[in-house]
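What follows is a short report on a single structure.
The values are calculated or read from the model by the stated rules, or taken from the named source; none is laboratory data. Bear in mind that the values here come from a model prediction, so they are computed numbers and not experimental data. Heads up, the Cβs are rebuilt from the backbone with ideal geometry, glycines too, and the neighbour counts pull from every protein chain shown. The area values use the complete protein model at the heavy-atom level, side chains included, leaving out ligands, DNA and RNA. Shrake-Rupley method; radii C 1.70, N 1.55, O 1.52, S 1.80 Å.
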Amino acid sequence: MKKHILAALSILGLLSAGGCGDTHMHSQAVYMLVDTSGTYAKQVSKAVKIVNYLLATLNPGDSLAVAKVESRSFTEKDIVDKVTFDKRPSRATEQKRAFKARIEAFAQGARGSAHTDITGGLIQGAEYLNETKAGIKTIVIFSDMEEDLDKGAVRDFPIHLDGIRIVALNVTKLGSDNADPRKYLDRLAHWKARVKKAGASEWVMVNDLENNMEAILGGH
Amino acid sequence: MNDWHSWLFWPNNVALSLLALFMLLTLFLYAARRQIHGVIHSLCYLVASSLRFAARWLFSAANTLRERNRTVLLAHGETEATAQIEREFERVTSIIRKDLQEYPALQRKLREEITRIEEDFRRCGEVPPPPPEWVSALESVAQIKSGGDIPRKLLEDINKSIQKIHDKTVTEFRRSYEDRHKILKGMLPTWRSVAQAMEQIDKKMVSLQDNGKRIDDHMAKYEAMRAKDDKAEHMLTVSGFVQLGISSLVMVIAMGGAFINYKLIALPMSEMVGASDYITNNLKTSDVAALVIILMEASMGLFLLESLRITGLFPRIASMDDRMRRRLMLVSLVFLVILAGIESSLALMRDMLIADKAALMRDLASAAPAAAEGGLLTHIPMAGQMIMGFVLPFALAFVAIPLETVVYSLRTVIGALLVLLLRGLGFVLRFIGVGFKRIAKVLEMTYDICIVIPLLVERIVGASGGSAPGRLRQQKSGSTS
């Protein structure tokens with residue numbers, strides 16, 4: 001009899017252990033980079049809408065971090081806020097409310113930076129996402145994708161974005177792009193090639209924020 | 001291309017080479033005709049015999065299965081009939097115990113009332129008027145021979161007394177009639193009471209008679225089952241199909257209820273066990289937990305109905321002593337009530353979670369705040385969910401009844417369908433076997449078509465008194481075909 005009880009308990013234990021292992025496989029982690037450099041800083045209100053969409057879409061157990069892209073972005077200081085939602089839906093709702101409030105406060109006081117270090121932000125984002133051990137990892141870049149590095153900032157080395165989805169949002173055209181559209185297209189092609197080379201699982205670009213929001217999380 | 005040409009005798013003359021090849025092949029086929037016919041015949045016979053053997057085995061298996069089904073079906077039918085007869089006997093016993101137990105008292109009452117009626121009847125019998133005493137006095141007066149005033153006076157006195165007596169007698173007669181009428185009037189309630197008592201007895205007797213008839217019907221069925229009658233078996237099989245259909249329908253409805261129940265508690269269960277925990281790739285722990293709660297409710301309902309002896313899926317529970325059974329019933333009921341309470345509170349939590357999420361969505365959409373909540377309208381869905389959460393487990397408990405029917409009738413239905421399937425397969429195999437027998441002849445004839453020229457030559461030679469081997473071959477080919 002004791003043997004049977006032990007066997008049943010061990011099966012239950014294995015099942016529960018399996019269940020714990022699967023939790024990360026289903027969770028999502030999103031790292032959102034918000035470009036605050038130059039004229040793009042005016043677009044922050046749109047970024048808040050994106051954050052709100054993410055808050056509405058992410059589930060309990062998922063993680064979300066919002067960071068700003070500044071002159072040198074490879075630092076935790078640029079992370080505006082980060083949260084891993086509680087497994088209980090009621091607690092997760094509270095966390096979402098608090099997160100929303102903090103992001104709104106950030107948006108009100110956002111200041112434009114002199115340079116744009118997207119690569120540093122990507123490396124920082126990959127680091128954060130890998131720590132979450134989530135099943136689906138996404139870096140959302142809210143920027144015009146024009147990198148303008150500070151003097152002394154070294155970013156021309158291979159980066160690692162293995163298994164991470166990269167979503168470029170609201171990639172606006174610069175004044176020079178209007179004169180020569182090839183610059184815009186080349187810029188996008190360059191980033192696509194770079195992230196693919198870095199091991200990213202997907203490169204998605206979303207400019208129609210009104211109708212194509214679902215593409216941010218890839219329909220998960 | 002070169003490979004193909006290597007088969008030609010004269011590569012430069014393809015037609016001639018092909019003709020030569022054809023001739024050679026025809027000659028070879030003609031020479032091997034008897035052997036090839038033998039091979040075709042043997043192969044077809046082998047396949048046909050195998051199929052026939054398999055068909056026979058299938059028919060035999062179908063018969064065995066049918067016998068087994070019949071035994072199980074009749075045994076089950078007997079058990080059911082026995083239970084029904086027992087129930088009818090119990091009803092009869094209860095009628096006898098409840099109603100006819102009072103029969104001695106009723107009989108005594110009837111006897112007493114009849115005695116009273118008899119007495120009354122006797123009392124109200126007509127009392128003859130007293131014989132006229134003056135008749136003898138008149139006779140005496142009449143015998144007096146001497147006349148005079150004395151007799152006249154006597155007669156006058158007699159007349160007076162007669163008048164007096166007559167008046168008195170008439171008065172008494174009237175009084176006695178009046179008394180008799182009163183007695184008869186007093187008998188009326190007694191008559192009514194007797195009539196009512198008789199009516200009651202009549203009703204009980206009719207009810208008993210009905211029960212007796214029902215017992216007779218059940219006994220007739222039971223006897224038919226005992227005699228392993230085909231009609232009884234057919235009746236039971238049809239009944240099995242009908243019962244399965246009805247029970248399945250009820251089960252589908254119950255499943256709909258269970259699904260609604262599941263939807264009601266799946267979301268709030270995530271608050272208890274976590275929304276992001278998964279047991280397998282696609283199976284959320286909260287969903288499984290909700291399912292487990294529903295299954296537990298169904299199990300408790302099953303135990304409750306088992307302990308109430310409404311269903312009989314567990315012989316162990318049925319054979320428990322009454323005290324233990326009552327305890328089990330109580331425990332099941334308590335668990336069911338607790339689970340219903342949990343579900344009701346989960347339904348409330350669901351409503352709160354949905355309201356909270358809706359508020360968050362409004363905040364995130366930066367929409368205008370919703371109108372102030374309150375009033376009866378907002379509370380009605382919440383109350384409805386809570387009531388549903390409490391009631392559905394009890395409704396789900398009754399699924400044990402159709403479940404039992406499904407379990408018992410499914411065996412009959414599957415058995416009958418299996419027999420049908422085996423017989424169908426047997427028929428198909430036998431049909432194919434017969435086909436193979438016939439196809440041997442077709443193949444032989446088709447073969448002969450390929451070597452029709454040498455056969456024609458043989459026939460011509462044979463007809464013009466050809467060689468003995470030719471005749472012999474013809475004879476053999478005739479016997480083979």
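Across all directions, the average flat footprint of the convex hull enclosing the Cα atoms of segment B:291-421 is 13.1 nm². Taking amide H atoms as placed 1.01 Å from N in the peptide plane, the amide H of A:ASP86 lies under 5 Å from those of A:GLY61, A:ALA92, each 5 or more residues away in sequence or on another chain. Straight-line cross-link reach from B:LYS221 at under 18 Å between alpha-carbon atoms covers these lysines, not counting any fewer than eight positions away in the same chain: B:LYS213, B:LYS231. Of the residues A:SER176, A:GLN108, A:GLY152, the one whose Cα sits farthest towards the positive end of the charge dipole of segment A:94-200 is A:GLN108 (charges of +1 on Lys and Arg Cβ, -1 on Asp and Glu Cβ, taken about the Cα centre).
Sequentially through segment B:285-299, phi angles give Karplus couplings (6.51, -1.76, 1.60; θ = phi - 60°) of 4, 5, 5, 5, 4, 4, 5, 4, 4, 5, 5, 5, 4, 4, 5 Hz, Gly and Pro residues having no value and appearing as x.
Between A:MET25, A:MET145, A:MET205, the Gaussian network model of chain A with springs among Cα atoms under 10 angstrom shows the greatest mean-square fluctuation at A:MET25. Computed from backbone phi with θ = phi - 60° and the Karplus coefficients 6.51, -1.76 and 1.60, the 3J(HN,Hα) list for segment B:67-82 is 4, 5, 4, 4, 4, 5, 4, 5, 5, 5, x, 4, 4, 5, 5, 4 Hz; x is used for glycine and proline. Would segment B:65-109 count as rounded, prolate or oblate if I go by the C-alpha gyration tensor, calling it rounded below 1.5 in a/c and otherwise prolate when a/b exceeds b/c, oblate otherwise? It is prolate, given that a/c is not under 1.5 and a/b is the larger ratio.
Neighbours of B:GLY77 by Cβ distance under 11 Å: Lys/Arg scored +1, Asp/Glu scored -1, total 0. Once the protein assembly as shown is represented by equal point scatterers at the alpha-carbon sites, with solvent omitted, what log10 I(q)/I(0) does the Debye formula produce at q = 0.09 Å⁻¹? Taking Cα atoms of the protein assembly as shown as identical point scatterers yields -1.01. In this structure, the amide hydrogen of A:SER73, modeled 1.01 Å from its nitrogen in the peptide plane, lies closer than 5 angstrom to those of A:ASP117, A:GLY120, A:GLY121, counting only residues at least 5 positions away or on a different chain. Helix-only arithmetic for the protein assembly as shown: the sum of -39500 (n - 2.57) across DSSP H runs with n ≥ 4, divided by the residue total, places the mean residue ellipticity at 222 nm at -25500 deg cm²/dmol.
Listed values for segment B:325-333 are Karplus-derived 3J(HN,Hα) couplings in whole Hz (6.51 cos²θ - 1.76 cosθ + 1.60, θ = phi - 60°), namely 4, 5, 4, 4, 4, 5, 4, 4, 5, and x replaces Gly and Pro. Under a model in which nothing but the beta-carbon of Lys, Arg (+1) and Asp, Glu (-1) is charged, segment A:74-220 shows a dipole of about 460 debye around its Cα centre.
If you sort the three axes of the alpha carbon gyration tensor as a ≥ b ≥ c, you get a/c of 1.5 or more for segment A:64-120 and a/b no higher than b/c, which makes it oblate. The spacing between segment A:57-95 and segment A:147-217, judged by their C-alpha centroids, is 22 Å.
Summing Cβ point charges (Lys, Arg +1; Asp, Glu -1) relative to the Cα centre of the protein assembly as shown gives a dipole of roughly 2300 debye. Under the convention that each Lys and Arg Cβ holds +1 and each Asp and Glu Cβ holds -1, the size of the dipole of segment B:54-112 around its Cα centre is about 100 debye. Between amide H atoms placed 1.01 Å from N, distances below 5 Å from A:ASP81 occur with A:VAL66, all of them 5 or more places distant or on a separate chain. Give me the net charge for the shell around A:ARG187: Cβ to Cβ below 14 angstrom, other residues only, Lys and Arg +1, Asp and Glu -1. So the environment of A:ARG187 carries a net charge of -3.
Straight-line reach from A:LYS77: taking Cα to Cα under 23 Å and skipping same-chain neighbours fewer than 8 places apart, the lysines in range are A:LYS42, A:LYS46, A:LYS49, A:LYS68, A:LYS96, A:LYS100, A:LYS133, A:LYS137, A:LYS151.
In summary, the lysines within cross-link reach of B:LYS437, defined as a Cα separation below 25 angstrom excluding same-chain residues under 8 places away, comprise B:LYS476. Burial of accessible area (probe 1.4 Å, heavy atoms of protein chains only) in segment B:258-277, relative to its chain alone, reaches at least 30 Å² for B:GLU271, B:ALA275, B:SER276, B:ASP277.
Considering only B:ILE183, B:LEU43, B:LEU328, and ranking their Cα positions along the charge dipole of the protein assembly as shown that arises from unit charges at the beta-carbon of Lys, Arg, Asp and Glu, the one farthest toward the positive end is B:LEU43. For chain B, what's the relative contact order in percent, using C-alpha pairs closer than 8 Å and at least 6 residues apart? Taking the mean separation of contacting Cα pairs over the length of chain B, I get 28 percent. Computed with a 1.4 Å probe over protein heavy atoms only, the accessible surface of the protein assembly as shown comes to 62 Å² per residue. Farthest toward the positive end of the dipole of segment B:294-356, out of B:MET352, B:ILE338, B:SER307, is the Cα of B:SER307, where the dipole comes from beta carbon charges about the Cα centre.
An oblate overall shape is assigned to chain B, the ratio a/c of its alpha-carbon gyration tensor axes (a ≥ b ≥ c) being 1.5 or greater and a/b not exceeding b/c.
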